[in-house]
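Colleague: Have a look at this one.
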Amino acid sequence: MDKQNNHYIPKCLIKRWKTSNNKNDGVYVLDLKSKTIDFNKSTGRKAFSFASVNDLYILTEDNDRNINLENWFDGLENSLSLFIDKVNRKETNLFKNIGHLNKLIMCLVSFEFRSRYFFEKSLEYLDDNEELRKEFNDKSSIQIILENVVNGTTDYTNHFFPVEFIIWESSVSILLCDRPLLFEIIDGVSFFPLTPKLLLSFKKTTDKTTINYQIADDVLISRFNQMIIEKARDWIVSNEKDKLEYIKNHNNFDQFDDEISINRLKTLIKGYEY
């Protein structure tokens, strides 16, 4: 079936954490529900299957499958993949035009709204608010969410121009999780992991769009990794199995709060209609 397997974290990002277990190439994954660490292969039909859900972004009506959102994400992910390739080479001329820059920002911002967990909580919220759903002409909860993911992403993207990028090079391994964007967490600065050794920060600036490469101190990366641990709801990936073992044994994942994310969700839904 076309576009059935929807990766909410794209394979083009997960593959940056690829390593080898002496038999296969893949990534080490800590499953937060089972508290187990597995090695997920990077090839085959089940490549990075831990980061996908069947038909997560698909609206089905009268046996007709609307795959517009999945196609939209595919296009955005291509811009992210090209960007990571270029910063790996420390290029400074990263965008051919403003459209390419806009596409990358849109891709980064979309991670605030595209996780399995976000969709789960969004549907719970709407299903519990019948009066709110009526404001959307009795559309289904999933249709409201799908439409507002696009609208919310577009609106947030428009707030970021011009943008200041900093690529932080790290000697400490950086973590990836199912909700990797730390959105405007400190003075309007957002953070996003690009590879186990590269962390991106970006914020709106008053001048022109810039990009700089800097060396990250261990404190910055340690704080980022801890925030990733606290934001994760399904899984955490590292290129170091021992690091996942430590995380599993020293964290109570049930204690972490979601107030900020849920409040942003409520604002998103009430603020937009397709």
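Colleague: Is it the case that some residue within segment 10-30 is within 17 Å of residue 107 (Cα to Cα), under 19 Å from the mean Cα position of the chain (by Cα) and not in a helix (DSSP H, G or I)?
Modeller: yes
Colleague: May I pose another question? Kindly provide the set of residues from segment 105-131 that are surrounded by 14 or more Cβ atoms within 10 Å (Cβ to Cβ) and more than 27 Å from the chain's Cα centre (by Cα), ordered by number.
Modeller: Once the filter is applied, which keeps residues that are surrounded by 14 or more Cβ atoms within 10 Å (Cβ to Cβ) and more than 27 Å from the chain's Cα centre (by Cα), segment 105-131 yields nothing.
Colleague: Criterion first (outside any loop (DSSP other than H, G, I, E, B), hydrophobic (A, V, I, L, M, F, W, C) and farther than 20 Å from residue 15 by Cα) does residue 219 satisfy it? Please lay out each step first, then the result.
Modeller: On the way: outside any loop (DSSP other than H, G, I, E, B): yes; hydrophobic (A, V, I, L, M, F, W, C): yes; farther than 20 Å from residue 15 by Cα: yes.
For residue 219, the condition - outside any loop (DSSP other than H, G, I, E, B), hydrophobic (A, V, I, L, M, F, W, C) and farther than 20 Å from residue 15 by Cα - is met.
This table checks each residue for (1) part of a loop (DSSP other than H, G, I, E, B); (2) surrounded by fewer than 16 Cβ atoms within 10 Å (Cβ to Cβ); (3) in contact with a Ser or Thr (Cβ under 9 Å, 6 or more places away or on another chain).
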position: 208; (1), (2), (3): yes, yes, no
position: 213; (1), (2), (3): no, yes, yes
position: 229; (1), (2), (3): no, no, no
position: 236; (1), (2), (3): no, no, no
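Colleague: Residues of segment 42-58 being surrounded by 14 or more Cβ atoms within 10 Å (Cβ to Cβ) and modelled with pLDDT under 90, which ones?
Modeller: Listed by number, the residues that qualify are 42, 47.
Colleague: Please go through segment 74-88 and pick out each residue that is under 27 Å from residue 142 (Cα atoms) and out of contact with any Ser or Thr (no Cβ under 7 Å at 6 or more places or on another chain). Give the derivation first.
Modeller: The first filter runs over segment 74-88 and keeps only residues under 27 Å from residue 142 (Cα atoms), leaving 74-80.
Selection gives 74, 75, 77, 78, 79, 80.
Colleague: Now, a different point. Among the residues of segment 31-50, which ones are of a type outside the set (Ser, Thr, Tyr), within 21 Å of the chain's Cα centre (by Cα) and either closer than 18 Å to residue 2 by Cα or assigned to a loop (DSSP other than H, G, I, E, B) (or both)?
Modeller: Answer for segment 31-50, where residues must be of a type outside the set (Ser, Thr, Tyr), within 21 Å of the chain's Cα centre (by Cα) and either closer than 18 Å to residue 2 by Cα or assigned to a loop (DSSP other than H, G, I, E, B) (or both): 32, 33, 46, 47, 48.
Colleague: Within segment 165-181, restricting attention to residues that are in contact with a Ser or Thr (Cβ under 7 Å, 6 or more places away or on another chain), among the aliphatic types (A, V, I, L, M) and touching a residue at least 60 places away in the same chain (Cβ under 8 Å), which residue is surrounded by the most Cβ atoms within 10 Å (Cβ to Cβ)?
Modeller: The selected residue is 175.
Colleague: Related question: List the pairs whose first member sits in segment 27-39 and is of a type in the set (D, E, K, R), whose second member is not in a strand (DSSP E or B), and whose Cβ atoms are under 8 Å apart, counting only residues at least 6 apart or on separate chains?
Modeller: That search, which allows pairs on different chains as well, returns 31/50; 31/234; 33/234; 35/248; 38/50.
Colleague: So, of the residues in segment 59-86 that are closer than 17 Å to residue 145 by Cβ and among the aliphatic types (A, V, I, L, M), which turns out to be surrounded by the most Cβ atoms within 10 Å (Cβ to Cβ)?
Modeller: Per the stated criteria, the residue is 69.
Colleague: For segment 180-192, indicate whether the set of residues that are part of a loop (DSSP other than H, G, I, E, B) and within 30 Å of residue 67 (Cβ to Cβ) is non-empty.
Modeller: Looking for residues that are part of a loop (DSSP other than H, G, I, E, B) and within 30 Å of residue 67 (Cβ to Cβ), one finds at least one in segment 180-192, hence yes.
Colleague: Scan segment 161-179 residue by residue and report those that are out of contact with any Leu (no Cβ under 7 Å at 6 or more places or on another chain), β-branched (Val, Ile, Thr) and assigned to a strand (DSSP E or B).
Modeller: Across segment 161-179, the qualifying residues are 163, 166.
Colleague: Which one is nearest to residue 92 (Cα to Cα), of the residues in segment 193-206 that are at pLDDT 95 or above and assigned to a loop (DSSP other than H, G, I, E, B)?
Modeller: Looking at residues that are at pLDDT 95 or above and assigned to a loop (DSSP other than H, G, I, E, B), I get 197.
Colleague: Of all residues in segment 84-116, which are of a type outside the set (A, V, I, L, M, F, W, C) and outside any helix (DSSP H, G or I)? Even if it seems obvious, please write down each step before you answer.
Modeller: Quick first cut of segment 84-116, residues of a type outside the set (A, V, I, L, M, F, W, C) only: 85-86, 88-93, 96-97, 99-100, 102-103, 110, 112, 114-116.
Scanning segment 84-116 gives 89, 90, 91, 92, 93, 96, 97, 112, 114, 115.
Colleague: If residue 89 satisfies every condition in (1) more than 20 Å from the chain's Cα centre (by Cα); (2) surrounded by 16 or more Cβ atoms within 10 Å (Cβ to Cβ); (3) charged (D, E, K, R) but one, which is the exception?
Modeller: (2)
Colleague: Of all residues in segment 242-269, count the ones that are modelled with pLDDT of 80 or more and either surrounded by 15 or more Cβ atoms within 10 Å (Cβ to Cβ) or hydrophobic (A, V, I, L, M, F, W, C) (or both). I'd like the intermediate steps shown before the answer.
Modeller: Quick first cut of segment 242-269, residues modelled with pLDDT of 80 or more only: 242-252.
Add one more test, that the residue is either surrounded by 15 or more Cβ atoms within 10 Å (Cβ to Cβ) or hydrophobic (A, V, I, L, M, F, W, C) (or both), and what stays is 243-244, 247-248, 251.
Adding up the residues that qualify gives 5.
The values are calculated or read from the model by the stated rules, or taken from the named source; none is laboratory data. Keep in mind it's a predicted model, so treat the numbers as computed, not measured. Note that we place each Cβ from the backbone using ideal geometry, even for glycine, and neighbour counts take in every protein chain shown.
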